[in-house]
1. Just to be sure I understand the model, the point goes 7 Å from the Cα along the line to the Cβ. What's the resulting SER308 to MET161 distance in nm?
2. Could you give the length gained on full extension between GLN412 and ARG172, defined as 0.36 nm per residue of separation minus the Cα-Cα distance, in nm?
3. Excluding ARG144 itself, what net charge comes from residues whose Cβ is under 10 Å from its Cβ, given Lys and Arg +1 and Asp and Glu -1?
4. Which order do MET213, MET321, MET161 take when ranked by solvent-accessible area (1.4 Å probe, heavy atoms of all protein chains), largest first?
5. Using a Förster distance of 25 angstrom, determine the FRET efficiency expected from the C-beta separation of SER237 and THR202, and round it to 0.05.
6. I need the shape label for region 148-300. Rule: rounded when a/c is under 1.5, else prolate if a/b > b/c, else oblate, with a, b, c from the alpha carbon gyration tensor.
7. Express as a percent, rounded to the nearest 5, the fraction of DSSP beta bridges in region 203-306 (both residues included) that run antiparallel.
8. Rounded, prolate or oblate: which fits region 258-330, taking a ≥ b ≥ c as square roots of the Cα gyration tensor eigenvalues, rounded meaning a/c under 1.5, else prolate when a/b beats b/c?
Amino acid sequence: MSSFGRHLLSAAMTAALLAGSAGAQLLPSVSLPSVSLPVPIGNVPVVGPVVQDVLAQPQAQQAIRPTLDTVAGLPESIAESGAPSLLELRRLRLQELIRQNRNLLDSNSAGQPVRRGILLAIDPDPLSLQLAARAGFRVIADDRDPQLGFRTVQLAVPGSMNVRAAFKLLQRAAPELQADFDHVFEPAGGALLPLHAALAATAGIAGGRIVGMIDGGVASHPSLAGASIEQNGFAGSPQPTGHGTAVASLLVGSQGTFRGAATGARLYVADVYGGSRAAGSASTIFKALGWLTGHRPQVINISLVGPSNKLVQRAIQAVQMRGIQVVAAVGNDGPAAPPQYPASYPGVVAVTAVDAGGRALPEAGKAAHLDFAAPGADMAAALPGKGYAKVRGTSFAAPLASARLLFAGSPQRLAGEARPGKGRVGRGIVCGDCRVDPRAVGAK
């Protein structure tokens, strides 16, 4: 991509962020407002009137302001624009999330969103907690999960200190304490916008296979009407979302020509957002993993991405020790972005996405390791309420891989059915015939 093209794209991203309109939802499209850029932000150039032409492209806002209801992913023109543009998009997206939720969110030194005024202590010893208290930290929550077998303590930072300074203080005051930020995790390519729709209710009698998912809540849909689904909220009551609905339908949905890849399995949904874009934190994921573990699923699907976090890593290790497989999407910020988690943790099955031609999506992230690819473009998934949407992204490849792993029983057996692909596909493409053609179900 030319230097001019990259500048044009960066300016378009910034302009849309300033515009403040929510695009790419599972809702009717709206015309884009006029945007003016009087001053540049950081080192992002201002290109002038041509920005309006870029913003007028139908899918531009899907890449610039994704939501938890986003299913189309990046437009191919932006996905293929190269690392600088994708990295700039990531930076702007995270900045905007923090800016819109300054009362709830702060950032760590890498610019990653974290909960404001909160640090986490993982399985702390009494002496370290005493030392932390002497330094001005206050215990505001103490959670011991019997399923995971360890404890986490939330500490309020002293006074008006920001979390970055507080973390350094805590390390000096209690050097033996295993502590971390309460990082916020994003859907793999989306943020959050709750829908005014009914939740999918428990129905039907499922077989012996059990799959869990950590995501946004799942809305009712005809394809899920006969499925056995139980939902629980860990950031307030469960709230239906397009992202969670699409992922669930790819697991257990069934309506006419549309079929999920694990139809007949019982599905447990842990909503870690509860309708708030500032939710989805490590402490919430910890609780969700504990609840899911209590239901003894064979596989847990996590179509979320974030930085490495000590609490999430410890919780996933505990889940794995109980014989439960964890599958995670690698994200959609391009191969030059930092490795995303939990996909990059040891033992987690990291999944990327391919198109209908078996080509790895250019926007797919690069995890510390890559296990499999699955369809993640040129396919359909359920739209909240009724109907279907075209989907794109590693978020939607992960549940297909999870479903196949559920039946295969182990990553080693799953590798036996993997087929070659083009580009970075790990050990190969699984569930390659699970893609539902959008035309077959009238996907929008």
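The values are calculated or read from the model by the stated rules, or taken from the named source; none is laboratory data. Predicted, not measured: the structure shown is a model, and the values here were computed from it. With ideal geometry, Cβ positions are generated from the backbone for all residues, glycine too; neighbour counts draw on all protein chains shown. All accessible areas refer to the heavy atoms of the entire protein, side chains included, with ligands and DNA or RNA removed. Shrake-Rupley method; radii C 1.70, N 1.55, O 1.52, S 1.80 Å.
1. Calculated label separation equals 2.5 nm.
2. Separation in residues times 0.36 nm, less the Cα-Cα distance, equals 82.0 nm.
3. Local charge sum for ARG144: -3.
4. Values: MET213 0, MET321 160, MET161 70 Å².
Greatest to least solvent exposure: MET321, MET161, MET213.
5. Plugging the Cβ-Cβ distance into 1/(1 + (r/R0)^6) gives 0.95.
6. Prolate shape, in that a/c is at least 1.5 and a/b is the bigger ratio.
7. Working: 2 of 20 bridges.
Counting only bridges with both partners in region 203-306, antiparallel ones make up about 10 percent.
8. The shape class here is oblate.
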